[in-house]
Amino acid sequence: MTIRLSSLLRDDQISTEEADLLCYGFDASQMKGKPLSVLWPESVDDIVRILRFSYEEDLPVIARGAGTATTGSSVPQEGALVISLERMKNIVEINPCDQYVVVEAGVINGQLQRELSARGFFYPPDPSSMNFCTIGGNIATNAGGPRAIKYGVTRRYVMEIEAVLPEGRLIRTGTKTIKSVVGYDLKDLLIGSEGTLAIIARATLAIRPEPETIITILASFSDLEASGNAVYRIISSGITPRCLEFMDRMAVEAVESYSPTGLGKAESLLIIELDGDVKSVQRDSERVVSIVHSLKGDVKVAEDSISREQIWKARRAIPPALFSIANTKINEDIAVPRSHLTEMLVFLRGLSESSGIPIVSFGHAGDGNIHVNIMVNREDEERYGRAKELVKRIFEETLRLGGTLSGEHGIGVTKSEFINMEIGHNEMDLMRGIKRLFDYKGLLNPGKIFP
Ligand SMILES: Cc1cc2nc3c(=O)[nH]c(=O)nc-3n(C[C@H](O)[C@H](O)[C@H](O)COP(=O)(O)OP(=O)(O)OC[C@H]3O[C@@H](n4cnc5c(N)ncnc54)[C@H](O)[C@@H]3O)c2cc1C
């Protein structure tokens, strides 16, 4: 097989080395697999050639960005080819008048942000993993991030996609214009499809001018409900912060013991960031501070980039810091309508107390999107089994409140057994039909999304 592949690519673009099979066999879900081979295409033509080959040979193919998925969606099964897009990292065009960039799929989100910032622009989707994750992975998972509350998620910014279908056919879908109504929107089908329909090679993304000013407010509360109520009141008063993030007590404590950043002690905490012109940001920040005070919260305001970065450093430290609680996290990212946020947070705290298993909540409160982390030591079989059972109860409550199983991470493998709780029979049939239409042989990322 390696011999046949080497007629398509150079030797340094193909590996069957044990170390590579190991390194490209897992993602951030702690799941593991072992592919047959890892391939590094460097152009759209390389992807076309690889897919023609895998189609002829009936080989499963897994597109991989940076492997930061938390759902097992980039974990390969035995006998599969991993196509790593990491060498396709060119920013092809930055167009300030039409306000778009054209990028290859392997461009790192954070790298793009830095290039744009130097020109006075930004790309709004900002997953907390942005210093590692790729634009191809962001499109394939329809990634969100702290700024989604004001600017929306990846879907809003994808204008055009160049992708390769499983049998090696190249498609271009979408336009570089602000408007277009020509035929079905295939681009929207590819966004969030978790590598199961096509391999994204390039994309045109909308960009925005940087705001005139930014203010970040850290609000800490001595009870959990107050932060949920603050979210409700800030949004209901007509203010749209650019970020509105939440941390519960266990998240605050874990960060402070992992890498002290001066968060202090709090039962719950909000990071509220406002952007826009100086006058409106000043006015809105005064209104936010008064809402926080009325709920008996304390406020720290960061107006310069150094103190702002200190607050965001604490927020980004949560995922690694949680491993000081236990060695395994069962990680969900449910979302509920914002009016039910307090109810959901109280439910999670109650479930943690009644089960005796730590459940740490943090995340994008302004979107009603909570990262729920059930912390447990893997080797304690009995406790691990009980921890896994909590997932279904959390999903049931989420759906009861009108929410969704995943706000941004997608389904992958870890949530596929639960997808039928949210998606009805008829809708599931349509989805399977779409999958068959794109990928008749079922070679692209098999075993993902569908139970
Ligand atoms: C610490 C941490 C923080 C995170 N924060 C956020 C957050 O704030 N918001 C958020 O939305 N997510 C977040 N995530 C999840 C993850 O970073 C995102 O899902 C991200 O978009 C994945 O990008 P990736 O390049 O790592 O993709 P991978 O993990 O490599 O792949 C993810 C999926 O996309 C597919 N894929 C990758 N590239 C392509 C391509 N070119 N064509 C077709 N399919 C492809 C893969 O097959 C797989 O199904 C976080 C993860 C971690 C570990």
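The values are calculated or read from the model by the stated rules, or taken from the named source; none is laboratory data. The model shown is predicted, which means the values in this text are computed figures rather than measured ones. Positions of Cβ are backbone-derived with ideal geometry, glycine not excepted, and every protein chain shown enters the neighbour counts.
Return the total of residues in segment 252-277 being of a type in the set (Ser, Thr, Tyr) and surrounded by fewer than 14 Cβ atoms within 10 Å (Cβ to Cβ).
Residues in segment 252-277 being of a type in the set (Ser, Thr, Tyr) and surrounded by fewer than 14 Cβ atoms within 10 Å (Cβ to Cβ): 2 in total.
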(message) Take the residues in segment 53-67 that are under 14 Å from Ile199 (Cα atoms) and over 22 Å from the mean Cα position of the chain (by Cα); name whichever of them is farthest from the ligand (Cβ to nearest atom).
(response) Tyr55
(message) Where the second residue is within 12 Å of the ligand (Cβ to nearest atom) and among the basic types (Lys, Arg) and the first is closer than 20 Å to Gly412 by Cβ and lies in segment 316-332, which pairs have Cβ atoms under 9 Å and are six or more apart or on separate chains?
(response) Pro319/Lys329; Leu322/Lys329
(message) If a residue counts only when it is within 16 Å of the ligand (Cβ to nearest atom) and not β-branched (Val, Ile, Thr), which helices (runs of 4 or more DSSP H) contained entirely in segment 356-451 have at least 3 such residues?
(response) 425-438
(request) Give the residue, chosen from Ala63, Ala28, that is surrounded by 15 or more Cβ atoms within 10 Å (Cβ to Cβ) and part of a loop (DSSP other than H, G, I, E, B). (result) Ala28
(request) Could you figure out which of (1) more than 26 Å from Phe418 (Cα to Cα); (2) crowded, with 20+ Cβ neighbours inside 10 Å; (3) of a type outside the set (Phe, Trp, Tyr) isn't true of Ile334? (result) (1)
(request) Starting from residues that are in a helix (DSSP H, G or I) and within 12 Å of the ligand (Cβ to nearest atom), keep the ones in segment 313-349 and report whichever is farthest from Ser220 (Cα to Cα). (result) Phe323
(request) Name the one entry in Ser280, Ser294, Ser285 that is within 30 Å of Thr213 (Cα to Cα), polar (S, T, N, Q) and surrounded by 19 or more Cβ atoms within 10 Å (Cβ to Cβ). (result) Ser285
(request) Return the pairs, sorted by first residue and then second, in which the second residue is more than 7 Å from the ligand (Cβ to nearest atom) and hydroxyl-bearing (Ser, Thr, Tyr), the first residue lies in segment 119-139 and is touching a residue at least 24 places away in the same chain (Cβ under 8 Å) and under 18 Å from His409 (Cβ atoms), the beta carbons are less than 8 Å apart, and the residues are 6+ apart or on different chains. (result) Pro125/Tyr151; Pro125/Thr154; Pro125/Tyr157; Asn138/Thr154; Ile139/Thr154
(message) Just checking, does segment 191-199 include any residue being farther than 26 Å from Val413 by Cα and outside the structural domain of Ile62 (by TED's automatic domain parsing)?
(response) no
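Consider segment 185-197. How many of its residues are loosely packed, with under 15 Cβ neighbours inside 10 Å and within 13 Å of the ligand (Cβ to nearest atom)?
Residues meeting the conditions: 0.
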